[in-house]
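The values are calculated or read from the model by the stated rules, or taken from the named source; none is laboratory data. The shown structure was predicted, so the numbers you read here are calculated from the model rather than taken from an experiment. Backbone-built Cβ (ideal geometry, glycine too); neighbour counts: all protein chains shown.
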Amino acid sequence: MTEQKVRVKSRATESNKANSGNCIDQRIAKIDWQQVIEDLLHNGYSSISKLLNSEHCEQLKKLYGDHSRYRKTVDMQRYRFGNGEYRYFKYPLPEIVYNLREKIYPLLVPVANAWMKSLKLSQEFPNNLEEFSNICVQHEQLLPTPLMLKYNEGGFNTLHQDLYGDVYFPIQLVINLSEPGTDFSGGELVLTEQIPRAQSRARVLQPGKGDMIIFASNFRPAKGTKGFYRVTMKHGVSEVIRGQRFALGIIFHDAKS
C-alpha cells in the first residue's frame, strides 16, 4: 500500500516537472508571503485576491463531473454536515491541484512551526510536502484530502475542522471558484475562534472568484498577559441564497479513511 502511494505521487511529480513554469507558479511567486505570514500569525487567516484566473476556475469546475478523478463523494445532508456535496480527489492529483499543494506547503511551514513553538509543542514540520506525506504514511494516513465542494440554493456547511488522523498540518486553504453576486449570493465563508473562558468570535468572508483564503485547521496561538494560549478555530459556509457555489479545498495532510 505504501509502495503504491509512492508510485502514484511519483507520477504526479513527473507531470509537475513537465509543466513547470506555468502561470500558477508565477502567481504563487508574486504573492506577498511576508504579509500572509503576518496575517496568519496575528489573525489565523489570510486572504489572497485572484490567485486563479477565470479560466482556471472554470477548468476546475468542469472536473467536478468527471467521476474518475475522485475517490469518494460525500452527501453533507446524509451525515448532518450541512446541505451540499463534496468530492475527494484520488492520486494522482490534477496538475493544478498538485502544483498548488506542493508549492504552497513549504511557504506555510515557518508559520506552522512558529505556532508549535509558541504553544510549547514538540512537533516540527518538515520543509517539503513529500517528507510530511511520508510521516502521514507512517501513521497509516494514505488517502488524499484535496476536495471539490458544491453548494446549490439552500446549501451550507456546518462549523467543523478537517482533521483526518493523528497527523495533521495546522493550516489549510480554500479557493472560491464561483463569482459572488453573479453565480450565487450568500454562501459566505465563516471562521470562528473559541477563546478560553470567553464567547466565540466569528469572521464572515466573501472571497471573489479565484480568491484564496488560508486559515488555521484546528487552532492557533494568541498572546495573552501570561504568554501564548490556544485558540480553537472552526470553519463553515453560510446558506447559499441563490445560485450555485463551487470551491476547491486543499488540505496538506492525508487521511486514514
Of the conditions (1) in contact with a Lys or Arg (Cβ under 6 Å, 6 or more places away or on another chain); (2) surrounded by fewer than 22 Cβ atoms within 10 Å (Cβ to Cβ), residue 187 clears all except one; give me its number.
(2)
Could you list, in sequence order, all residues of region 207-242 that are at pLDDT 95 or above, of a type in the set (S, T, N, Q) and over 16 Å from the mean Cα position of the chain (by Cα)?
232, 238
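If I go through region 132-149 residue by residue, how many of them are among the aromatic types (Phe, Trp, Tyr) and exposed (fewer than 14 other Cβ atoms within 10 Å of the Cβ)? So that I can check it myself, show each step before the final result.
Taking region 132-149 as the starting set, the residues that turn out to be among the aromatic types (Phe, Trp, Tyr) are 132.
With the extra rule that they be exposed (fewer than 14 other Cβ atoms within 10 Å of the Cβ), the set shrinks to none.
Qualifying residue count for the region: 0.
Restrict the check to region 72-87 and report whether at least one residue is in contact with a helix residue (DSSP H, G or I) (Cβ under 9 Å, 6 or more places away or on another chain), surrounded by 15 or more Cβ atoms within 10 Å (Cβ to Cβ) and within 24 Å of residue 208 (Cβ to Cβ).
The initial filter retains those residues of region 72-87 that are in contact with a helix residue (DSSP H, G or I) (Cβ under 9 Å, 6 or more places away or on another chain), namely 73, 87.
Next, from what is left, pick out any that are surrounded by 15 or more Cβ atoms within 10 Å (Cβ to Cβ): 87.
When the remaining residues are screened for being within 24 Å of residue 208 (Cβ to Cβ), the result is 87.
Yes, that holds for at least one residue.
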Can you go through 180, 170 and tell me which one is at pLDDT 95 or above, surrounded by 15 or more Cβ atoms within 10 Å (Cβ to Cβ) and over 18 Å from residue 44 (Cβ atoms)?
180
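Is it the case that residue 179 is without any contact (Cβ under 8 Å) to a residue 40 or more places away in the chain and within 30 Å of residue 58 (Cα to Cα)?
On the way: without any contact (Cβ under 8 Å) to a residue 40 or more places away in the chain: yes; within 30 Å of residue 58 (Cα to Cα): yes.
Yes, satisfied.
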Residue list for region 151-168, filter: over 15 Å from the mean Cα position of the chain (by Cα) and either farther than 18 Å from residue 234 by Cα or assigned to a loop (DSSP other than H, G, I, E, B) (or both)
151, 152, 153, 154, 155, 165, 166, 167
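Can you give me the number of residues within region 151-167 that are touching a Lys or Arg at 6+ places or on another chain (Cβ under 9 Å) and crowded, with 20+ Cβ neighbours inside 10 Å? Working first, answer last.
Restricting attention to region 151-167, the residues satisfying the condition of being touching a Lys or Arg at 6+ places or on another chain (Cβ under 9 Å) are 151-153, 155, 158-161, 164-166.
Of the ones still in play, those that are also crowded, with 20+ Cβ neighbours inside 10 Å are 151, 155.
Qualifying residue count, region 151-167: 2.
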Looking only at region 234-253, decide whether some residue is surrounded by fewer than 21 Cβ atoms within 10 Å (Cβ to Cβ) and within 13 Å of residue 43 (Cα to Cα).
no
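Among the residues of region 178-194, which ones are more than 16 Å from residue 160 (Cα to Cα) and either in a loop (DSSP other than H, G, I, E, B) or not small (Gly, Ala, Ser) (or both)? Spell out how you get there, then give the answer.
Of all residues in region 178-194, those more than 16 Å from residue 160 (Cα to Cα) come to 178-186.
Residues satisfying the conditions are 178, 179, 180, 181, 182, 183, 184.
Out of 213, 135, I need the residue that is assigned to a helix (DSSP H, G or I) and either among the polar types (S, T, N, Q) or out of contact with any Cys (no Cβ under 8 Å at 6 or more places or on another chain) (or both). Which one? Reasoning before the result, please.
Details: 213 fails: assigned to a helix (DSSP H, G or I).
Step by step, each of 213, 135 is checked, and only 135 is assigned to a helix (DSSP H, G or I) and either among the polar types (S, T, N, Q) or out of contact with any Cys (no Cβ under 8 Å at 6 or more places or on another chain) (or both).
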If you take the residues in region 108-131 that are over 20 Å from residue 227 (Cβ atoms) and touching a Lys or Arg at 6+ places or on another chain (Cβ under 8 Å), which one is surrounded by the most Cβ atoms within 10 Å (Cβ to Cβ)?
129
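Looking at residue 203, is it under 16 Å from the mean Cα position of the chain (by Cα) and part of a strand (DSSP E or B)?
no
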Please identify the pairs in which a residue from region 245-257 that is under 19 Å from residue 54 (Cα atoms) and β-branched (Val, Ile, Thr) has its Cβ atom under 7 Å from the Cβ atom of a residue that is crowded, with 21+ Cβ neighbours inside 10 Å and modelled with pLDDT under 95, counting only partners at least 6 apart or on another chain.
none
Check whether at least one residue in region 78-92 is under 17 Å from the mean Cα position of the chain (by Cα), in a helix (DSSP H, G or I) and at pLDDT 95 or above, and report yes or no.
no
